Amino acid sequence: MAQLLDGKAVAKVLKEEIREEIVQWKEKGIRPKLAVILVGDDPASVVYARSKQKVSESLGMAFELFVMSGSTPEAEVLAQIEKLNQDQNVHGIMIELPLPKGIAKEKIMAAVRPDKDVDGVHPINRGYILSGEEGLFPATPQSCIELLIRSGVQIAGKHVVIVGRGETVGKPLVFLILKHNATVTICHSKTPDLGAFTRQADIVIAAVGRAKLIKKDMIKQGAIVVDAGINETPEGICGDVDFEAVKEVADLISPVPGGVGSLTTALIMRNVLKGIVLQGGKR
Ligand code: NAP
């Protein structure tokens, strides 16, 4: 029976480290601050923004939420971003997605200063993932890696099969996990016989958005399974992995909830602190 990759326990340690680093920045006269822009009233985005506020404040980080109505013209959103880009007291900027119709997501993403782009969506940060330069990278792929490393898993030399090549999780994860010297296979909706690939994996990472897609017979005995999926079902939130069945063959498995998702907000906060350094702050 598999042991849990316990996201809540890892998040607790991570938050403690972030709290300590915030204290150190404050001693140097810098008060780390995250600004979040929420355009419209998408219910999930409201919850995510409030959760970031709660975590920021609990860690001692300053936080400001800019709520703009769903009918705000794109130019006004861009002007607000530019104000925050210029504000030396703001170290991280995040735009909650999805944006209302009529606002071009790509234009908005590219308007945030790359060294304040704590969501890791600016084209320059996307490029840095490929080049290996220091930049700000998306939280969820980082969560998958942190969860493994901090649970004592050695990634180097392992065959990692990533299911999903989405812009938010799968695609950036490919290059971030390559840096840890894994051998990487990427599967997607056009992969014939998905199980033939996942059965070869030492580590399977699912980032699809299909409830319980990964079944027991798709996992090698003793493999490690990381589930980044979040799916709403009539029975509640579940991942992309058939957890109850797969835990019988895996050595380690992350639950949903309580796995990858538990780390993501903390990793956005860690990006704010990395942003301070990229903006010229001396540790
Ligand atoms: P996405 O952009 O929709 O990408 C989904 C990927 O899954 C695509 O590459 C798609 O293939 C692939 N796929 C779809 N059906 C498949 C199938 N039957 N077999 C194999 N691959 C299949 O998703 P995303 O934004 O990257 O997010 C992925 C998951 O992570 C979602 O469940 C999302 O809710 C979750 N997520 C979690 C967090 C967190 O904090 N834990 C944060 C963000 C996202 P094609 O490319 O061929 O279409």
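Read-outs throughout are calculated quantities, based only on the coordinates presented, and are distinct from any laboratory measurement. From a predicted model like this one, the values you see are computed outputs, not experimental measurements. For neighbour counting, all protein chains shown are included, and Cβ atoms are generated from backbone atoms with ideal geometry for every residue, glycine included.
Using mean Cβ contacts within 10 Å as the protection proxy, how do 69-81, 268-280 order, highest first?
Values: 69-81: 14.5, 268-280: 20.9.
The densest-packed peptide leads the list: 268-280, 69-81.
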* Tilt relative to the chain, helix 43-59 - C-alpha long axis, 0 to 90 degrees, to 10 -> 80 degrees
* By a straight-distance test (C-alpha under 18 Å), which aspartates and glutamates pair with K101 as possible cross-link partners, with residues fewer than eight away in the same chain excluded? -> D41, D42, E74, E76
* For region 7-19, just list the computed ³J(HN,Hα) in residue order, Karplus coefficients 6.51, -1.76 and 1.60, θ = phi - 60°, integers in Hz, with x standing in for Gly and Pro. => x, 5, 5, 5, 4, 5, 5, 4, 5, 5, 4, 5, 4
* Structure fact -> Between C187 and residues 5 or more places away or on another chain, the pairs with built amide H atoms under 5 Å apart involve I162, V163, G164
* To do: Find out how many positive minus negative residues lie around A266, taking Lys and Arg as positive, Asp and Glu as negative, among other residues whose Cβ is under 15 Å from that of A266.
  => +1
* Using the Cα gyration tensor of region 29-112, with a ≥ b ≥ c the square roots of its eigenvalues, what is the shape: rounded (a/c below 1.5), prolate (a/b larger than b/c) or oblate (neither)? -> oblate
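Quick one: pull the percentage of alpha-carbon pairs in region 228-272 with a separation above 15 Å. Write down the numbers at each step before the final one.
Numbers: 506 of 990 pairs.
Considering region 228-272, 51 percent of its Cα-Cα pairs are separated by more than 15 Å.
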* To do: Compare A245, A49, A206 in a GNM of the chain, Cα atoms joined below 10 Å, and give the one with the largest fluctuation.
  => A245
* Under a straight-distance cross-link criterion of Cα-Cα below 16 Å, which lysines are reachable from K158, leaving out those fewer than 8 residues away in the same chain? -> K179, K220
* Rg/Rh for region 114-272: what does it come to with C-alpha atoms and Rh from Kirkwood? -> 0.95
* List the lysines whose alpha-carbon lies under 30 Å from that of K26, not counting same-chain residues fewer than 8 positions away? -> K8, K12, K15, K52, K54, K83, K116, K274, K282
* Between I37 and residues 5 or more places away or on another chain, which pairs have amide H atoms under 5 Å apart, with H built 1.01 Å from N, and which residues are they? -> F66, M94, I95, E96
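Taking only C-alpha pairs under 8 Å that are 6+ residues apart, what is the relative contact order of the chain in percent? Working shown, then result.
Working: 568 pairs, mean separation 62.9, N = 283.
The value is 22 percent.
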* Using the alpha-carbon atoms, what tilt in degrees (0 to 90, nearest 10) does helix 139-149 show relative to the longest principal axis of the chain? -> 50 degrees
* Asked: From the backbone phi of region 205-219, what are the Karplus-calculated ³J(HN,Hα) couplings (6.51 cos²θ - 1.76 cosθ + 1.60, θ = phi - 60°) in whole Hz, Gly and Pro given as x?
  -> 10, 9, 9, 10, x, 10, 4, 6, 5, 8, 9, 4, 6, 9, 10
* Asked: Near C238, within a Cβ-to-Cβ distance under 12 Å, what is the net charge of the other residues, with Lys and Arg +1 and Asp and Glu -1?
  -> -4
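Give me the net charge of Y128's neighbourhood, meaning all other residues with Cβ under 15 Å from the Cβ of Y128; Lys, Arg count +1, Asp, Glu -1.
Values: positive: R113, K116, R126, K171, K179, K274; negative: D115, D117, D119, E133, E134.
Value of the local net charge: +1.
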* Gaussian network model of the chain, springs between alpha carbon atoms under 10 Å - residue of G258, G229, G164 with greatest fluctuation -> G258
* To do: Per residue of region 67-77, in order, report the coupling 6.51 cos²θ - 1.76 cosθ + 1.60 (Karplus, θ = phi - 60°) as ³J(HN,Hα) in whole Hz, putting x for Gly and Pro.
  => 9, 10, 5, x, 9, 4, x, 3, 4, 6, 5
